[in-house]
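The values are calculated or read from the model by the stated rules, or taken from the named source; none is laboratory data. These numbers were taken from a predicted model, which means no experiment stands behind them. As a convention, Cβ positions derive from the backbone with ideal geometry for all residues, glycine included, and neighbour counts pool all protein chains shown. Heavy atoms of the whole protein, side chains included, go into the accessibility calculation; ligands, DNA and RNA do not. Shrake-Rupley method; radii C 1.70, N 1.55, O 1.52, S 1.80 Å.
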Amino acid sequence: DEIDARRAPASEADEEPAPPPVFSNETEELPEAVLAQRDALLDVLGRDSVRQLARYADQFPGFRSNYGDLSHYEHWYLLRRAGIDPVEATLQILDEPYAVKDFGAEKYFIWPDFAGRTNEELQHDRLTFSERARILTLIGEDGLERIRNGESYPGFRLAIREDGTWVYLLQDN
């Protein structure tokens, strides 16, 4: 029928090729150890418990959750009390694309991909339309203003080292 014909996908010949991405995070597959760690984190996050997330983080020597002297639990509990749910935020960023930072001796896999970009790469004119929509959802207008003012990515970000070690889950206020 006529409606179905309008909804039919255009043939490949009718479609314009997609422009190359400004930043590609699909150049490297997740190593098995990183994939296993991400899956373990998703399992813990599925319990919706700040206490269990903190216990899990405590298993990683040197893990960072904040820039102060608070325990992981105290920090995340305070965030939750303030209306910022670290469990929900972490689930959200793990659903985003990731970036890879190569430090020579080791690689970090960072979620979301925006957290692995420079301030220059995060400027409005360097992002695609869909990237602008994604970053707005993640950090809001206030976060975008901070980027325009020269700050690095201010939202929740998470890193897993190539060997599967969970390195940090941070968020700038």
**Asked** Is at least one residue of the stretch 65-75 within 17 Å of the chain's Cα centre (by Cα), within 23 Å of Asp39 (Cβ to Cβ) and either free of Cβ contacts under 8 Å to residues at least 40 places away in the same chain or open to solvent by 40 Å² or more (accessible area, probe 1.4 Å) (or both)?
**Response** no
**Item:** Selection within the stretch 76-118 - over 18 Å from Val34 (Cβ atoms) and touching a residue at least 60 places away in the same chain (Cβ under 8 Å)
**Value:** Leu79, Ile84, Pro86, Ala89, Gln92, Arg117
**Residues satisfying the stated conditions in the stretch 115-137, i.e. of a type outside the set (D, E, K, R), exposed (fewer than 14 other Cβ atoms within 10 Å of the Cβ) and closer than 22 Å to Ala159 by Cα** = Thr118, Leu136, Thr137
**Prompt:** Within the stretch 139-164, can you find the residues that are open to solvent by less than 30 Å² (accessible area, probe 1.4 Å) and under 19 Å from Pro86 (Cα atoms)?
**Reply:** Ile139, Gly140, Gly143, Tyr153, Pro154, Gly155, Phe156, Arg157, Leu158, Ala159, Ile160
**Prompt:** Taking the stretch 33-52 as the search range and keeping residues that are in contact (Cβ under 8 Å) with a residue 24 or more places away in the chain and either touching a Gly at 6+ places or on another chain (Cβ under 8 Å) or hydrophobic (A, V, I, L, M, F, W, C) (or both), which one is surrounded by the most Cβ atoms within 10 Å (Cβ to Cβ)?
**Reply:** Val34
